[in-house]
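Data block below; observations after.
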Amino acid sequence: MVKLSKMNKSQKVLLAYAALYAVYSLFWLGEMVGLQDAGLKFFGKRAGKIQVSAATWGGVGGLTLALDHVFAALKCSKDVAQRTVLVTLLGCFFRLGAFASQGSQKWGGALVHSEFVAGGVITIGMILAAMECLRGGLTSGKHPIFGCKGLTHGNLILLWAMMFFYVVSFIFTDFIGDNYVCGKTSCRISEPRAYDQMAWTISMWVSVMVQIPMMLSVATKAEQQKFALQRLLSIVFSIYVMHSEKDISVPSKYLENLVAMGVMFVLCLTAGLGDKIMKPKKAKRAAAANNTAVGRRKRQ
């Protein structure tokens, strides 16, 4: 564990980011964690089931980022910490676009406007802090991102690919309409605020996804394995949330998404235990080769 007095700027800023992500994520989770409904807090109108789902998934993504930031600050090298700041900077610019498109007082309402002004100020502060941390530039990446350099590396690439297609599905499909049951009317008509919330959900999960190739670029193998294991917490929470939404999910999509989550769990687990899985096999092969060599010497 790194002492606060010995941390560099990037590590200290990451802990501050983690606290902000955690607080906002709890607001989005709302009644799930005993707080006010997210719709009432941010839009002044109680959220429907689909909007609650969109807010909840944004909260899960935010908590994942909070854990990533604490992990990068306390358990990883300075290179990983600095690049995690960069990932956050990209997410902040993404969110500024959402503030600009949804924060109008005339269109969104006074409550939305005031919440988004506050969020915009915080986001600009996060951007300025990130720019200060990155002022000295980035060091060169140590490893190629793609290619398969062992079980840990390969499984993290597969995990990134699955998350990439998940994020892309928000852009090229009607994700909410395809995955949720909205009665006899379309989701866009019955719960339009769910689509407003979706921009915030995407802003969280894009950063969650980008953190993976960043770790492949600069993290050591040991850091990558620990990262994979701590991501298991996010997947377990995601499976719990998915199960809690079974009554509003399209049955075929629910099963498909549940299987995908199961695959992601296995990928993270095997990536995190890569050495423990591969080393016994290597040891057996080495022992077999040694026995063969000993046998040859005896025959000679």
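Amide H to amide H, which residues 5 or more places from TYR180 or on other chains are under 5 Å from it, using H placed in the peptide plane?
It is VAL250, by chain and number.
Hey, any idea what Rg/Rh is for the chain, computing Rh the Kirkwood way over Cα pairs?
1.06
Assigning unit charges at the beta carbon (Lys, Arg +1; Asp, Glu -1) and nothing else, what dipole magnitude in debye, to the nearest 20, does the chain show about its Cα centre?
Approximately 2020 debye in magnitude.
Where does each of THR139, THR201 land when they are ordered by accessible area, with a 1.4 Å probe and the largest first?
So, going from the largest accessible area down, we get THR139, THR201.
What is the calculated FRET efficiency for VAL121 to LEU90, with r their C-beta to C-beta distance and R₀ = 25 Å, to the nearest 0.05?
FRET efficiency, VAL121 to LEU90: 0.85.
Can you give the FRET efficiency for LEU15 and VAL250, using 1/(1 + (r/R0)^6), R0 = 41 Å, r = Cβ-Cβ distance, to the nearest 0.05?
Computed FRET efficiency for LEU15 and VAL250: 0.55.
If R₀ is 45 angstrom, what is the calculated FRET efficiency for the pair SER104 and VAL181, using the beta carbon separation as r and rounding to 0.05?
FRET efficiency, SER104 to VAL181: 0.90.
Any idea what the relative contact order of the chain is, in percent, if you count C-alpha pairs under 8 Å spaced at least 6 apart?
The value is 23 percent.
Roughly how many Å² is the accessible area per residue of the chain, as a whole number, for a 1.4 Å probe?
51
In what sequence, highest mean first, do 20-29, 66-75 appear when ranked by Cβ atoms within 10 angstrom?
66-75, 20-29
Using only the alpha carbons of the stretch 174-217, what is the convex hull's orientation-averaged projected area in square nanometres?
3.5
For the chain, what does -39500 (n - 2.57) per DSSP helix run (n ≥ 4), summed and divided by total residues, give at 222 nm, in deg cm²/dmol to the nearest 500?
Rounded to the nearest 500, the figure is -27000 deg cm²/dmol.
Could you give the DSSP H helices of the chain that reach 18 angstrom or more along their long axis (alpha carbon positions) and whose average Kyte-Doolittle hydropathy is no lower than 1.6?
Length and hydropathy pass: 151-172.
Counting only protein heavy atoms and a 1.4 Å probe, tell me what percentage of the stretch 1-76's accessible area is made up of carbon and sulfur.
C and S atoms contribute 66 percent here.
Checking the a/c ratio against 1.5 first, then a/b against b/c, what shape does the Cα gyration tensor give for the stretch 27-133?
Oblate, because a/c is 1.5 or more while a/b does not exceed b/c.
Where the convex hull is taken over the Cα atoms of the stretch 58-187, what is its projected area averaged over directions, in nm²?
Seen from a random direction, the Cα hull of the stretch 58-187 projects 11.3 nm² on average.
With springs only between Cα atoms under 10 Å, which of ALA118, ALA228, ALA38 fluctuates most in a Gaussian network model of the chain?
Fluctuation is largest for ALA118.
Beyond 23 Å between alpha-carbons counts as too far, so tell me which of LYS12/LYS226; LYS78/LYS221; LYS226/LYS276; LYS75/LYS221; LYS41/LYS75 fall in that bin.
LYS41/LYS75
The values are calculated or read from the model by the stated rules, or taken from the named source; none is laboratory data. Treat the numbers as computed from the prediction; the structure is a model and nothing was measured. Heads up, the Cβs are rebuilt from the backbone with ideal geometry, glycines too, and the neighbour counts pull from every protein chain shown. Just the protein is used for accessible areas: all its heavy atoms, side chains included, with ligands, DNA and RNA removed. Shrake-Rupley method; radii C 1.70, N 1.55, O 1.52, S 1.80 Å.
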